[in-house]
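These notes are about the structure you will find just below.
Nothing in this text is a laboratory measurement; each read-out follows from the coordinates by a stated rule. The shown structure was predicted, so the numbers you read here are calculated from the model rather than taken from an experiment. Neighbour counts are summed over all protein chains in view; Cβ atoms, including those assigned to glycine, are modelled from backbone coordinates with ideal geometry.
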Amino acid sequence: MRLTNHLAKIVLGALVLALSSCSDDRFADNADACMVLPGDRAATIEVPLRLHADAPSVIGKPLVNDIVSRADGDAGTPADPEQAAEEAIKNIWVFQFDSIGNQLIAPRYYEVASTEIRKLNIRLAEGEDSYVYVLANTCDPDWAKGKDLSTVEKFVGYEYPFTEDNVEMGKDEYLLMEGNVKETIRKETDLLPIDIHLTRMMAKISFKYVTAEAAKNLIVTRVIIHNMPEKMRMEETPIEENYPTGDFATRSVTIDKKLASGELYTFYMPANRRGETANTDASLKNNEAPDKALYVQLFVTSRTNGSNFLYTIYLGANDTNDYNVCRNHNYNITLNLKSENRDDRVLAAPANCFVMNTGNEIMFDPYTRTETGGGFKYSDFVNKSDPKKKIAKVKILWQEAGVIGNNKDYDKVYIDDYSRIHVKSGTSVGNALIAAYNSVDTIVWSWHIWINNESPANLDEAVPYYTFEWDSSGIKAGDDKRTVKGRSLMKCNLGAKSADPESYGLSTYGTVYQWGRKDPFPLGWKVDYYPSGYYAYNSSNIGTLYDNEYNPIKMTTDGGVSTTELFSTEKVTREIGSIKYVTEHPTHFISTVKAGDSYNTSPANHINDADWYWEHNDLLWGGTSYDSAEKKYTVSSNIELTDNGAKEKSIFDPCPAGWMVPPGDMWLGFTKNGLNASSYSNINSMHSGDNTSYRGFRMYVQEWGKGKWVYFPSQGLRTMGGKPWRNGMCGNYHTSTASKGGRVNILHLHTPGSLAPFETDYGYTGRAVGGPVRCVRDVDEE
């Protein structure tokens, strides 16, 4: 772990350090470069310098194990390694400007050579009233090259870039510091070193949470830091001014770390001073927060209701109205989790799917998302500053019976005055889709509301999974070769009402998705078993669905035609096969079939290579392009195993927070050798005979033929023309791995007795197919 340029390798030493002579080959070619360099306007003399790492200001009560900086007068090495790292000086740049602020000598770089306490000899111009500035710990002898730092104004106004993904400081790392003094340089100062006090150019945030007995079912699984500026000024602006100014760039950083109650966590970041408000109520501090104020969120999963939440803490000098995060300040925060009751400081973790139990309520921020997979940017679609992308209202598009209820008064699904969306669940498990509209009634985004009382999104209940190693030469299979830790599995399909295989289909059948789309489609939730042919996409087979005012939604077609109904099917074109169209029409199924049989396996009968997205986009679910795959193994003439599946979640991923669509090499362990199997003896399931009554497979997920198992239903699919078929017979599971020619790697179950980690049939692998999803954890676990 490293913060390049900001936290780097250290040599621990005393507070006062001896420095070696400056580099003699950085700014001139002659051997006397330390005497006169290009850019010097005066001769230099050797001058002793003494550096002090000043103590930071401390905000909040000290935490257990927190580091308190020692006094300057203590010349010994701190006993605590973290304290020593925060005060260490490994190298310095020295700048000297004349009394009117112009550069007097060229910048010089010095490495720390020893820990001797007396003189620290550097080169400065003598006989001048001047300003001496020191920048410590760049760890780069070429840092000043090419930078215009020719005046004091330019130097102090320089903004050091801060773009790190990692903001922790671990073993052998240290911090940028800066300091200055105004001095008249005389030779006699050989006997009186110049004292320069350095301050850290970053703020330190230390926090912990303490869980009471009533909140013992809350588990913190990650930390998310929002609105971290991407630049830090060389010297801090006057404290009464906000900094940074204008529409400055910020970024979010996610640290996956399962924190225990009472455990201290620390990170470092640039200043972000957003000022103060008049608020006096701590419970409303989040509501009054200025735009781009820094806040920290704890990602918390609840064992009680299976939902994932973000506990949000806005930083500052107090817990009511101060939003200033200043450099050289230590902020100490303790979050006391006293119960599972939630107020305005607790939001549902953002995603395209929110999991709730019955009779519950969530609140979420519809404007903030941190997923980066595929390179898509959420603010390009939902954005407060753009009227076309700003949310004016939210309502229910469709819902199963009793999932939410009648929202005609906008009291169950609504957006509040602080731009947060509220959802109250009803009395029944099932699915719903809510949509956000702009001021001209165009949908800007939509979210799946999944009501399930079995806590499927509880990260603590993810099922560990092991599979085979593979490379371009093949799959390293064998009974004892399941040694690769895959991403842990969700216990049921996305959108299912239950994970129980004794339900024989139906409640285990979830929603289906066209590849790369975020929004769910209802399937035949009333059709337990339909082994051949199509069934109609109507209320009798799907179940009655209801709108915002709880009126039944008209559903009368076979699913494969264009109508004025909510669940219309539209033929793909350049306009329709776009993110814009499917975002504005999340219930429209995009067909690629020219005419006739919806399942048709002939490429000649399909538009756009059977892909709903016009001319293809391999990145929609966070993977990389097929062409960029680093590993490819040809299984047969028309099957490939590739490693271009998603490692980072995309904003179009349909899974709840903490979960994502699996990569294409996830399912190798489901068969004896990682290849397609057509007999029970080669399938890693509990079944040894006809499993039709189970409508799927109970798959062993860690060992061959024994141990932990997870149920995978063969729940059917919507074919590329929109018509549904084969409930209880086929399970056509999507992965994030794009194949060539508009196709996708599919895990296909065929009940009974057949399982294919590599589906070959064109009718199943086209990206327009609506298939089920089994989510996996969105991080690699140890």
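Structure above, values below:
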{"item": "Length released on extending from Ser602 to Asn242, taking residue separation times 0.36 nm less the Cα-Cα span", "result": "123.3 nm"}
{"item": "Charge dipole (debye, nearest 20) of the chain; +1 at Cβ of Lys and Arg, -1 at Cβ of Asp and Glu", "result": "2460 debye"}
{"item": "Theoretical FRET efficiency, 1/(1+(r/R0)^6), r = Cβ-Cβ of Val181 and Asp148, R0 30 Å, to 0.05", "result": "0.85"}
{"item": "Potential lengthening between Asp528 and Asn318 on full extension [0.36 nm per residue; Cα-Cα distance subtracted]", "result": "69.8 nm"}
{"item": "Cut-off under 5 Å, modelled amide H: who pairs with Met201 long-range", "result": "Leu176, Met177, Glu178"}
{"item": "Label-zone membership for region 84-109, site Glu188, 7 angstrom Cα→C-beta point, backbone N under 11 Å", "result": "none"}
{"item": "Only Lys, Arg (+1) and Asp, Glu (-1) charged, at Cβ; region 202-349 dipole about Cα centre in debye", "result": "660 debye"}
{"item": "Where only alpha carbons of region 202-349 are counted, the Rg and the Dmax (Å)", "result": "15.4, 49"}
{"item": "FRET efficiency, Asn453 to Glu263 (Cβ-Cβ, R0 35 Å, nearest 0.05)", "result": "0.65"}
{"item": "Proximal lysines relative to Lys632, as straight alpha-carbon distance under 21 Å, when same-chain residues fewer than 8 apart are discounted", "result": "Lys476, Lys481, Lys485, Lys647, Lys672, Lys740"}
{"item": "The chain - percent relative contact order, Cα under 8 Å, separation 6 or more", "result": "10 percent"}
{"item": "Debye intensity ratio in log₁₀ form over the Cα atoms of region 167-249, taken at each q of 0.11, 0.16, 0.25 Å⁻¹", "result": "-0.60, -0.94, -1.34"}
{"item": "Lysines whose Cα lies under 18 Å from that of Lys147, excluding same-chain neighbours fewer than 8 positions away", "result": "Lys231"}
{"item": "Distance in nm between pseudo-label sites at Ser283 and Asn406 (7 Å out along the Cβ direction from Cα)", "result": "3.0 nm"}
{"item": "Residues with amide H under 5 Å from that of Arg186, placed H, sequence gap 5 or more", "result": "Gly127"}
{"item": "From phi via Karplus (6.51, -1.76, 1.60), per-residue ³J(HN,Hα) for region 548-562 in Hz, x at Gly/Pro", "result": "4, 8, 6, 8, x, 8, 5, 9, 10, 9, 7, x, x, 10, 7"}
{"item": "Share antiparallel - DSSP beta bridges, the chain, percent rounded to 5", "result": "85 percent"}
{"item": "Positive dipole terminus of region 202-349, leading residue within Ala212, Met202, Ile239 (C-beta point charges)", "result": "Ala212"}
{"item": "Cβ-Cβ FRET estimate between Lys632 and Ser693, R0 fixed at 56 Å, reported to 0.05", "result": "0.90"}
{"item": "Mean Cβ count within 10 Å, highest first, over the residues of peptides 230-241, 753-764, 200-211, 432-443", "result": "200-211, 753-764, 432-443, 230-241"}
{"item": "Given charges at Cβ of Lys, Arg, Asp, Glu: the chain dipole, positive-most of Trp725, Tyr268, Asn305", "result": "Trp725"}
{"item": "Label-to-label distance, nm, for residues given as Glu159 and Asn102 (7 Å Cα→Cβ offset)", "result": "2.9 nm"}
{"item": "Nitroxide proxy distance, nm - points 7 Å out along Cα→Cβ at Ser539 and Trp704", "result": "5.3 nm"}
{"item": "Net charge of Cβ neighbours under 12 Å - reference Asn673; Lys, Arg +1; Asp, Glu -1", "result": "+3"}
{"item": "Peptides ranked, highest mean first, by Cβ atoms within 10 Å: ranges 507-520, 282-295", "result": "507-520, 282-295"}
{"item": "Segments 539-551, 614-626 sorted - mean Cβ within 10 Å per residue, highest first", "result": "614-626, 539-551"}
{"item": "Global geometry of region 623-697, whether rounded, prolate or oblate, following the gyration tensor of its Cα atoms and the 1.5 cut on a/c", "result": "oblate"}
{"item": "Proximal lysines relative to Lys208, as straight alpha-carbon distance under 24 Å, when same-chain residues fewer than 8 apart are discounted", "result": "Lys61, Lys171, Lys216, Lys257, Lys258, Lys285, Lys292, Lys338"}
{"item": "Which of Ser498, Gly524, Ala435, positive extreme of dipole for region 432-530 (C-beta unit charges)", "result": "Ala435"}
{"item": "Derived scalar couplings ³J(HN,Hα) [region 268-278; Karplus, 6.51 cos²θ - 1.76 cosθ + 1.60; whole Hz; x for Gly, Pro]", "result": "10, 7, x, 5, 8, 9, 10, x, 10, 10, 8"}
